[in-house]
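Engineer: Supplied in structure tokens, the structure appears directly below.
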Amino acid sequence: MLNISNLKKSYSGKQALKGVNLSLDRGEIIGLFGENGAGKTTLMKCILGYLRYQGQITLDGQAITRKNIGRLSFATSEHSFFPNLTAKDHKEFYSAHFPAFRSKRFDGLLEFFELPAAKLVRRLSTGQQNQIEVILALCQGADYILMDEPFAGNDVFNREDFYKVLLGILEPGETVLLSTHLLEEVEKFIGRAVLLRQGQILGDVLMQDLEERGDTLMSYVKESYQYKADRVGKALSQLSDDR
Ligand code: ATP
């Protein structure tokens, strides 16, 4: 279990995370949602140890160190691949460094996305680079796969098909924490939704519970955020008054 307890993170004195408590079990597929600036990326970077923070983050009761960090993988729109390597080179490099690297899955996903194995990654399109990023995170052999807006810039068919493929390939012990703004697209894919707002957990719900009460993810999010349906109209009338 990945356990986050009273996690606080400030940037230049401004709190981005204000005491987050969250537990992620093996095998869960969790959507992480929240407005721009809610703290989703910060949360993931704290889990991965990229940022200093206050509070505790443990993996099966142990602190996350160089010894167990390989159990976590990360796909980010900021990209973590090596731009001057090909997909094939990445496969070799990852196989050498991650004992549980999933070679067969790597080949299958490369084929699924129709990605060239021998082209330098920096020569691929942004969408294709995102795909390489996600493939690497999925093939590292990690137990906890963190994905931060992995498909910003990918076409809708690729995204939808990918979620279906992902559901088919994930093994029972693999956990996915996926941050995205594309609520409706991932609604059928995730089993649990966690909402962040201004650095705090605002909601945490199982999709099955939402379904049973006839609720959609979008309505749950809007309700939790007390979404102001007249926000756009108000802004437009204010802007037109300023003309
Ligand atoms: P988005 O959906 O827009 O990607 P997010 O939920 O991932 O947003 P974060 O990127 O975690 O949000 O940012 C949380 C808060 O921390 C924001 O107020 C942001 O301005 C601030 N922040 C993030 N990174 C930095 C940084 N490197 N320096 C200073 N402030 C930062």
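Engineer: Please state the relative contact order of the chain as a whole percent: Cα pairs under 8 Å, 6+ residues apart?
Structural biologist: With pairs under 8 Å counted, the relative contact order is 26 percent.
Engineer: Straight-line reach from residue 67: which lysines fall under 27 Å, measuring Cα to Cα and dropping same-chain residues less than 8 apart?
Structural biologist: 8, 9, 40, 45, 88, 91, 104
Engineer: For segment 81-159, what is the Kirkwood hydrodynamic radius in Å, using each pair of distinct C-alpha atoms?
Structural biologist: 12.6 Å
Engineer: Quote the charge dipole size of the chain about the Cα centre in Debye, to the nearest 20; the model charges only the Cβ of Lys and Arg (+1) and of Asp and Glu (-1).
Structural biologist: Charge dipole, the chain, about its Cα centre: 1020 debye, nearest 20.
Engineer: Here's a follow-up. Quick one, could you list the DSSP H helices from the chain stretching 18 Å or more along their long axis (Cα atoms) with average Kyte-Doolittle hydropathy of -0.5 or above?
Structural biologist: Long hydrophobic helices here: 126-139, 156-169.
Engineer: Return the sequence-ordered ³J(HN,Hα) values of segment 141-152 in whole Hz as given by the Karplus equation 6.51 cos²θ - 1.76 cosθ + 1.60 applied to θ = phi - 60°, using x for Gly and Pro.
Structural biologist: Values, residue by residue: x, 7, 8, 10, 10, 9, 10, 10, 6, x, 10, 4 Hz.
Engineer: Can you tell me the length gained on complete extension of the stretch residue 157 to residue 119, counting 0.36 nm per residue apart and subtracting the Cα distance?
Structural biologist: 11.4 nm
Engineer: What residues qualify as long-range amide H neighbours of residue 175, i.e. H under 5 Å apart, gap of 5 or more or another chain, H built at 1.01 Å from N?
Structural biologist: 27, 144, 145
Engineer: Rg and Dmax of segment 2-227, Cα atoms, in Å?
Structural biologist: That works out to 17.4, 50 Å for Rg and Dmax.
Engineer: Diagonalise the Cα gyration tensor of segment 1-102 and give the resulting equivalent ellipsoid semi-axes, square root of 5 times each eigenvalue, largest first, whole Å.
Structural biologist: The answer is 27, 17, 13 Å, longest axis first.
Engineer: Roughly how many whole Å is it from the C-alpha centroid of segment 147-225 to that of segment 1-37?
Structural biologist: One Cα centre to the other: 16 Å.
Engineer: Now a separate question. Just name one of 126, 96, 65: the one whose Cα is farthest towards the positive end of the charge dipole of the chain (beta-carbon charges, Lys/Arg +1, Asp/Glu -1).
Structural biologist: Positive-most Cα among the choices belongs to 65.
Engineer: In segment 135-234, what % of DSSP beta bridges are antiparallel (nearest 5)?
Structural biologist: 55 percent
Engineer: Amide H to amide H, which residues 5 or more places from residue 204 or on other chains are under 5 Å from it, using H placed in the peptide plane?
Structural biologist: Amide H neighbours of residue 204: 195.
Rule-based calculations on the coordinates, nothing more; no lab input. Not measured: the values here are computed from a predicted model. Every residue, glycine as well, gets a Cβ built from its backbone with ideal geometry; the counts of neighbours run over all protein chains shown.
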